[in-house]
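Report on the structure given below.
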Amino acid sequence: MSWSCGIVGLPNAGKSTLFKAITALDVTIESYPFSTIDPNKAVVSLPDRRLPALAELSSAVKVTPATIEITDVAGLVKGASRGEGLGNQFLGHLRNVDLLIHVVGGYNRQEENNETTMEKLGTVNFELCLADIEVIERRRDKLEPKAKSGDKKARSELNLLVKTHDYLNRGMMLSGVSFSDEEADFLAGLSLLTRKKIIYVYNTDEDSLFNPDLSGFHENEEVIPICASLEAELAELPEEDKKVFLDAYGMQSSRIDELLDRCFKMLDLAVFYTIKGSETRAWVVPSGMAAVKAAGKVHTDMERGFINVEVIPWHILLASGSISRARERGLCRTEGRDYPVEDGDVLFFRFRSD
């Protein structure tokens, strides 16, 4: 399973700089609005301290990390739904991402007229609401004839759309609204932006990085202060120079690693590992996925012919020194098809081949 994040925010909030910091790619970063016409996309490796250790233990020749796809779109401006700036059609590139990273500038440029953090948040969030209203209205127009003809399912769905339309019209993010399982399943089919989980990146300068003013955010919102320009510099350095750079700024580690880790946790994902032949590989699945389904992520033949799975937590395997020693000590256990995969599991699938 691949997972993905989309970056949104006002023009000049630092979205493209953050994208560069995450991906270490040389993307166009301009000092004026509307420079990002087409989306920037990249697949990057997920930071993982466990994988290199497992690869060393197994003498792996090939090491394959878990990955994440990052998409950065144009800056949203007030009135984008009416065609201001670049409009809002580019938001379609974000409808299939799993999570939104909303970048908020922790500083005021001259063109921002001293907007508060709350005002900046409100501008982007309301434009996301308006973009979803367009989707809701299109689906509503299709359902109305069926609902009027007496179709009970269509009538129920139409009532949900009317309720959802009202929430959005009031500027409410649907991620904060409770829906029944049936309603949530229906709304999932619409790929609404405001139903997605959001993590806010407060892009501040170096001086405010360790004492940022986060008063404009609500207590229940996930916020991480980051100096995107600093992180972009760090991303360009060779590995041997990064620690010196971090020490100079009093940082233990990159805030980008923390960002990706928090995104991962918000999505309730798990990483499991396979060691086969000369390859050690990390796989991303929803936390608690059944072992038989996890086997299918590796290869469909494994799911089809699944017998059982040998499981050992990564840290126990490392402490054992080798796979054979772990087996000799009885530290590996055999589980069936419904075993819920846990983060950090090392899995050895047994299956029948056709």
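For each of Asp181, Asp343, Asp205, count neighbouring Cβ atoms within 10 Å of the residue's Cβ, then give the residues from fewest to most.
Asp181, Asp205, Asp343
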Packing-wise, with mean Cβ within 10 Å as the measure, how do 124-133, 143-152, 235-244 rank, highest first? 124-133, 143-152, 235-244
For labels at Lys148 and Thr64 in the simple 7 Å Cα→Cβ model, what's the distance in nm? 5.4 nm
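Taking a temperature of 37 °C and a viscosity of 0.692 mPa s, what whole-number D in µm²/s does Stokes-Einstein yield for the stretch 288-351 with Rh from Kirkwood over alpha carbon pairs?
277 µm²/s
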Rounded to the nearest 5, what is the percent of antiparallel bridges among the DSSP beta bridges in the chain? 50 percent
With T = 4 °C, eta = 1.567 mPa s and Kirkwood Rh from C-alpha pairs, the Stokes-Einstein D of the stretch 219-354 in µm²/s is about 74 µm²/s
Positive-pole candidate from Ala290, Thr280, Ala326, dipole of the chain, charges at beta carbon: Ala290
For the stretch 159-220, divide the Cα radius of gyration by the Kirkwood radius and give the resulting Rg/Rh value with two decimals. 1.14
By how many degrees, between 0 and 90 and to the nearest 10, does the Cα long axis of helix 152-169 differ from the longest principal axis of the chain? 70 degrees
From DSSP H assignment alone, runs of 4+ in the chain each adding -39500 (n - 2.57), the sum over residues rounded to the nearest 500 puts [θ] at 222 nm at -11500 deg cm²/dmol
What's the Kirkwood radius of the chain in Å, using all Cα pairs? 22.7 Å
What Kirkwood hydrodynamic radius do you get for the stretch 109-196 when you take the inverse of the mean 1/r over all pairs of distinct Cα atoms, in Å? 14.2 Å
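Coordinate-derived values only; no laboratory data. Small disclaimer: the values here were computed from a predicted structure and weren't measured. Glycine also receives a Cβ, built like all others from the backbone with ideal geometry; neighbour counts cover every protein chain displayed.
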